[in-house]
Amino acid sequence: MLADPIAALATPPGRSALAVVRLSGRGAFAIAARVVPTFTTAPPRTAHLANFVDGDGTLIDRGLYTVFPGPHSYSGEDLVEFSCHGGFVVPVRLVGALLAAGARQALPGEFTRRAVLHGRMDLLQAEAVGDLIDATAAAQARAALHQIDGGLSRRLADLRTALLDVEALLGYDIDFPEEDDGPVDPARIAERMTELQERVARLLATAPAGERLRAGALVVLAGPPNVGKSSLFNALLGTDRAIVTATPGTTRDAIEAATEFLGWPVRLVDTAGLRESEDEAEQLGVGFSRRYLEAAEVVVVCDDGSGRGAGRQGGSVADLGPATGRMIRVMTKSDLPASLPPGPAAPPIHTSAFTGQGLDALKAAIVRTAFGEHATLADLEPGLTRERHRIALTRAQVALQEATPHLAARGDAVLAAHHLREAARALEELIGVVDVDEVLDRVFRSFCVGK
């Protein structure tokens, strides 16, 4: 386990009032003493005002430092955090002084990686730290905090414990078949196995919503040309991203922007109007539109009541092609006089990019459609949020399915126990109970250096 001293800037570089520099590892306090002439470790977890100097004794800055003796620190090692003035010069000079004093530049995510290796958090909690930093919507931050708090870890740890209990029953039956108590009742093991498979299936069912929450729901505005898609796109974003003109076919390419509606993350896409055209550029744009429709989780079908929209001559919902997302019908340009087109029993949402009418109602409908009818920030439950989680839990599910036939009459208990061990190993890799370097590298390569 690496314990050599590492240092890095923990805040974004650039012009700011303050910057934080971290130093962690064996000998961190001795290195800090070379940069802070008045350095002391007592009392710990207390901010000390001091001068920071380089190897020649030249003053770098006057700021605060805080000492965190291991194992009661973020990384689980001796750790010092320096708070200095921000900008492009002072933080760089301070990090340089620490490196010259004996530390090395930290790798991306190395502080958090060491926290995992020292048992300060598990792998799922470490991933959630990255998710919290990257969060752009309140729901993402709330879900990450749940995971940092150990909500998902506890669910998986309980599942692993239950799985090991069944494995222990099989082990007893294999190792002590002649005991006075007799063999373990097969019905008892079968009942436990059924419960395990149901719990795994319930947890796997959270993966689509969890991954959608982490990445943002893909919401596509679709419909014929010149029905107000681009104006609605700009109004929902609150800024002019798409070009709007009275000429049909202005949008030739799909325009995607990340935003949030009512605290939930959304990837909003404005697409080229769906129609037949001899224009090669417009044909390419329509092709992009159809590909987005195939991937969309929510499709906002736009109509302006002019006869070009869904349900009228010249356009229909069927014209959208193989759209897989759930649809919301919208009547655009509601500030202008228009006749209501015939359509499904459910009335469309009336919106106006000019007056703002209906925009809040549309955002609420998108959130309900993408994240659930009763989606609220308070209802967030711990669930799978990454492809890595889903793959590992699917491995566990397959292993349990492969174990089941061997639990029947005349089955091979040894093979059943082997498959149960494989399921437990998949959960251990997911939580980070085992030290799998490849998994750790994959998790932490996307972290910022100072984390």
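The values are calculated or read from the model by the stated rules, or taken from the named source; none is laboratory data. All values derive from a computational prediction rather than experimental measurement. Here the Cβ is made from the backbone with ideal geometry for all residues, glycine too, and neighbour counts use every protein chain on show. Calculation scope for accessible area: heavy atoms of the full protein, side chains included, ligands and nucleic acids excluded. Shrake-Rupley method; radii C 1.70, N 1.55, O 1.52, S 1.80 Å.
Please report the net charge: other residues with Cβ closer than 15 Å to the Cβ of R62, K and R +1, D and E -1. Can you show the working numbers first?
Working: positive: R93; negative: D54, D61.
Neighbourhood net charge equals -1.
What list of ³J(HN,Hα) couplings, whole Hz, do you get for region 17-24 from phi and the Karplus terms 6.51, -1.76, 1.60, once you set θ to phi - 60° and write x for glycine and proline?
Listing the rounded values in order: 5, 9, 9, 10, 10, 10, 9, 8 Hz.
Whose amide H sits under 5 Å from the amide H of D61, counting only residues 5 or more places off or on another chain, with H placed in the peptide plane?
F52
Can you give me the relative contact order of region 57-101 as a percent, contacts being Cα pairs under 8 Å and 6 or more apart? Intermediate results must be reported in sequence, preceding the final value.
Details: 41 pairs, mean separation 15.2, N = 45.
Computed over region 57-101, the figure is 34 percent.
In the full protein assembly as shown, how much of S75 is accessible to a 1.4 Å probe, in Å² to the nearest 10?
Probe radius 1.4 Å; accessible area of S75 about 0 Å².
Find out how many positive minus negative residues lie around A157, taking Lys and Arg as positive, Asp and Glu as negative, among other residues whose Cβ is under 14 Å from that of A157. The partial results should precede the final answer.
Working: positive: R154, R155, R160, R199; negative: D122, D149, D158, D165, E428, E429.
Result for the local shell: -2.
Quick one: ranking M121, M327 by accessible area, 1.4 Å probe, largest first, what do you get? Walk me through the numbers before you get to the answer.
On the way: M121 30, M327 80 Å².
From most exposed to least exposed: M327, M121.
Residues of region 86-237: accessible area per residue at 1.4 Å, in Å²?
Values: 6580 Å² over 152 residues.
Heavy-atom accessible area per residue stands at 43 Å².
Based on the alpha-carbon gyration tensor of region 94-142, what equivalent-ellipsoid semi-axes (square roots of 5 times the eigenvalues) come out, in whole Å, largest first? Before the final figure, lay out the partial values.
Working: eigenvalues 151, 48, 8 Å².
Calculated on Cα positions only, the semi-axes equal 27, 15, 6 Å.
Plugging the Kirkwood radius over Cα pairs into Stokes-Einstein for region 25-120, at a temperature of 25 °C and a viscosity of 0.890 mPa s, what D comes out in µm²/s?
On the way: Rh = 13.7 Å.
Rounded, D is 179 µm²/s.
If you rank E422, E110, E381 by how much accessible surface each has, with a 1.4 Å probe, what is the order from largest down?
Numbers: E422 70, E110 15, E381 140 Å².
Descending accessible area places them as E381, E422, E110.
Please turn the phi angles of region 2-8 into ³J(HN,Hα) values with the Karplus equation 6.51 cos²θ - 1.76 cosθ + 1.60 (θ = phi - 60°), one per residue in order, whole Hz, x for glycine and proline.
Taking θ as phi minus 60°, the curve returns 5, 9, 5, x, 10, 9, 6 Hz for region 2-8.
So what are the ³J(HN,Hα) numbers for region 355-365, from phi and the Karplus equation (6.51, -1.76, 1.60; θ = phi - 60°), rounded to whole Hz, Gly and Pro as x?
9, x, 4, x, 5, 5, 5, 5, 4, 5, 5
So what's the gap between the Cα centers of region 206-239 and region 1-57, to the nearest angstrom?
Spelled out, the Cα-based centre of one part sits 45 Å from the other.
Quick one: which residues, 5+ away or cross-chain, put their amide H under 5 Å from the amide H of R329? H built at 1.01 Å from N.
V301, I349
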